[in-house]
Amino acid sequence: MDFNQYIEDERLNIMLRDALQELGNIGVAHSATALSQILNRKVDMSVPRVALVPIEEMYKRISEVPDELVTAIATETVGGGKMDILMVMDEDSTRALLSVLRSGEIPDLANLTELDKEILVEVGNIIILHCVSAVNTFTGLKLYPLPPSIAVDMVNAILEHMLLKDGVYKTHVLSVEVDIFTESSNIKGIVFMFPDHRELDNLMNQLYGEGWDEI
Amino acid sequence: MSEEIVSVGIGEIKIGRPPLVLQAVALGSCVGIAIYDSAVKVGGLAHIMLPNSPKNPPMDSNSQGKFADIAIPFLVEELVKNGASRSRLIAKIVGGSKMFEFNNSTAVSDIGSRNVQAIKNILQELSIPIVGEETGGNYGRTMVFDLKTGSVEVISLTQKIRKII
């Protein structure tokens with residue numbers, strides 16, 4: 001099924017949104033628990049805002065400024081299906097997260113140390129693992145994310161890379177936007193998953209049963 | 001004459017004359033290609049996404065700028081229409097990086113270097129020399145193409161690079 005059908009057909013759109021919302025809730029709840037354990041303090045997460053969005057919209061969700069520096073953690077899954085996954089945080093959120101995880105002065109994004117980047121990869125890894133695990137639990141798919149990689153760079157350069165990396169221009173992306181609260185800070189992260197429409201159909205078939213779109 | 005800066009977005013092509021300055025912001029695996037005729041001071045910039053246009057489905061009419069195999073001949077034609085001479089054209093290319101390193105990376109996922117290679121092949125076929133190049137690596141770049149001089153400034157925020165090619 002074409003991505004636009006999901007967006008334009010009201011019924012499909014609602015079914016898809018419900019499914020994604022449920023996936024997002026589970027992924028986020030698990031991530032919050034894992035982060036609490038690592039940070040050894042209470043971590044709350046907002047109900048995630050989940051949507052299938054056209055690519056132009058994806059750019060706007062992060063920043064209107066194409067050369068704004070952001071932290072991006074990316075990986076791809078192997079096993080039951082191949083899907084690219086990207087987690088993005090802006091400068092304020094990155095620094096807020098680091099200040100919870102380590103002591104000392106936090107540099108600006110252009111001057112992060114290798115250690116800072118390793119810390120960020122680990123947090124990104126936890127969140128990505130739980131998002132994928134939620135997808136797997138729900139759908140019976142067996143997606144395994146590879147160890148992620150980090151880039152701190154201009155937001156458009158990163159998004160463009162994710163969109164084009166397989167040599168095919170993707171049109172839509174699954175977006176899971178979440179706020180993470182600790183006592184002292186508020187961190188906003190967005191996880192993007194890049195399925196092609198076969199993968200999205202597969203996911204919906206697993207959730208609602210084969211032929212769900214013909215009922 | 002004060003300069004006027006025009007952004008060339010992803011998949012776009014723009015041409016012009018001084019005092020215009022063309023810029024492509026935040027190139028990752030995309031490649032910005034600046035082509036210039038210094039005698040008549042006409043130049044153009046294409047922000048290219050992929051090496052080859054898809055055969056199926058066929059392209060829509062506003063995607064000339066997305067694919068190297070179509071974008072470069074189109075850009076050259078437009079420059080010639082605006083008074084440039086084919087024999088005087090020179091090119092500078094920027095971008096084509098690989099933003100993430102994955103352990104299992106295949107050649108397929110390195111779209112940046114495929115873009116650069118495709119563009120070099122096409123420029124060679126068209127006999128347009130590459131006089132400046134800043135490609136590869138694992139960081140994003142912004143390029144600023146001054147049509148008064150033909151100079152291209154390359155900026156990387158994280159590598160703290162700022163140089164003229």
Where B meets A: accessible area buried, both sides, 1.4 Å probe, Å²
2300 Å²
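Counting only heavy atoms of protein chains, what accessible area per residue, in Å², does the protein assembly as shown have with a probe of 1.4 Å?
Numbers: 16390 Å² over 380 residues.
About 43 Å² of surface per residue is accessible.
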Among A:SER184, A:MET154, A:LEU141, the residue whose Cα sits farthest towards the positive end of the charge dipole of the stretch A:114-192 (+1 at Cβ of Lys and Arg, -1 at Cβ of Asp and Glu, taken about the Cα centre) is A:LEU141
Straight-line reach check, A:LYS42, cutoff 20 Å on alpha carbons, 8 or more apart in-chain or any other chain, hits among lysines -> A:LYS188
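A:LEU20: net charge of surrounding residues, Cβ under 12 Å, Lys/Arg +1, Asp/Glu -1, itself excluded? Don't skip to the end; give the middle numbers.
Numbers: positive: A:ARG17, A:ARG49; negative: A:ASP18, A:GLU22, A:GLU177.
Once all neighbours under 12 Å are counted, the net charge is -1.
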In order through the stretch A:31-42: 3J(HN,Hα) via Karplus (6.51 cos²θ - 1.76 cosθ + 1.60), integer Hz, x for Gly, Pro
4, 4, 4, 5, 5, 4, 5, 5, 7, 6, 7, 6
Along the charge dipole of chain B, pointing to its positive end and built from +1/-1 on Cβ of Lys, Arg, Asp and Glu, which listed residue (B:LEU157, B:GLN23, B:ALA39) has its Cα farthest out?
B:ALA39
Please compute the average number of Cβ atoms from other chains found within 10 Å of each residue's Cβ in peptide A:70-83.
1
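Calculate the FRET efficiency for B:ARG162 and B:VAL40 from the Cβ-Cβ distance with a Förster distance of 30 Å, rounded to the nearest 0.05. Don't jump to the answer; show the numbers that get you there.
Numbers: r = 29 Å, r/R0 = 0.96.
Step by step, r from the Cβ atoms, then E = 0.55.
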R0 = 30 Å: FRET efficiency of A:ARG11 with A:ASP179, Cβ-based, nearest 0.05?
0.50
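With +1 on each Lys and Arg Cβ and -1 on each Asp and Glu Cβ, how big is the dipole of the protein assembly as shown about its Cα centre, in debye rounded to the nearest 20?
Numbers: 33 positive and 50 negative charges, 235 e Å.
Roughly 1120 debye, rounded to the nearest 20.
For chain A, with all protein chains present and a 1.4 Å probe, just round the carbon and sulfur fraction of the accessible area to a whole percent. Show your work: numbers first, answer last.
Details: 4670 of 9210 Å².
Summing carbon and sulfur atoms, their accessible area is 51 percent of the total for chain A.
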Among B:MET49, B:ILE90, B:GLN117, whose Cα projects farthest towards the positive end of the dipole of chain B, with charges put on the beta-carbon of Lys, Arg (+1) and Asp, Glu (-1)?
B:ILE90
Can you tell me the length gained on complete extension of the stretch A:VAL78 to A:ILE38, counting 0.36 nm per residue apart and subtracting the Cα distance?
11.7 nm
Which peptide among A:117-124, B:90-97 comes first, and what is the full order, when sorted by highest mean count of other Cβ atoms within 10 Å?
B:90-97, A:117-124
Modelled label reach - A:ASN186, point 7 Å along Cα→Cβ, the stretch A:86-126 residues with backbone N closer than 20 Å
A:88-101
Go through the stretch A:149-172 and flag every residue whose accessible area shrinks by 40 Å² or more with all protein chains in place compared to the isolated chain (probe 1.4 Å).
A:SER149, A:ASP153, A:MET154, A:ALA157, A:GLU160, A:HIS161, A:LEU164, A:LYS165, A:GLY167, A:TYR169
Share antiparallel - DSSP beta bridges, chain B, percent rounded to 5
75 percent
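The values are calculated or read from the model by the stated rules, or taken from the named source; none is laboratory data. Computed from a prediction, not measured in an experiment: that's the story for all the values here. Reconstructed Cβ throughout: ideal geometry from the backbone, glycine too, with neighbour counts over all protein chains shown. Accessible surface areas use protein heavy atoms only, side chains included; no ligands, DNA or RNA. Shrake-Rupley method; radii C 1.70, N 1.55, O 1.52, S 1.80 Å.
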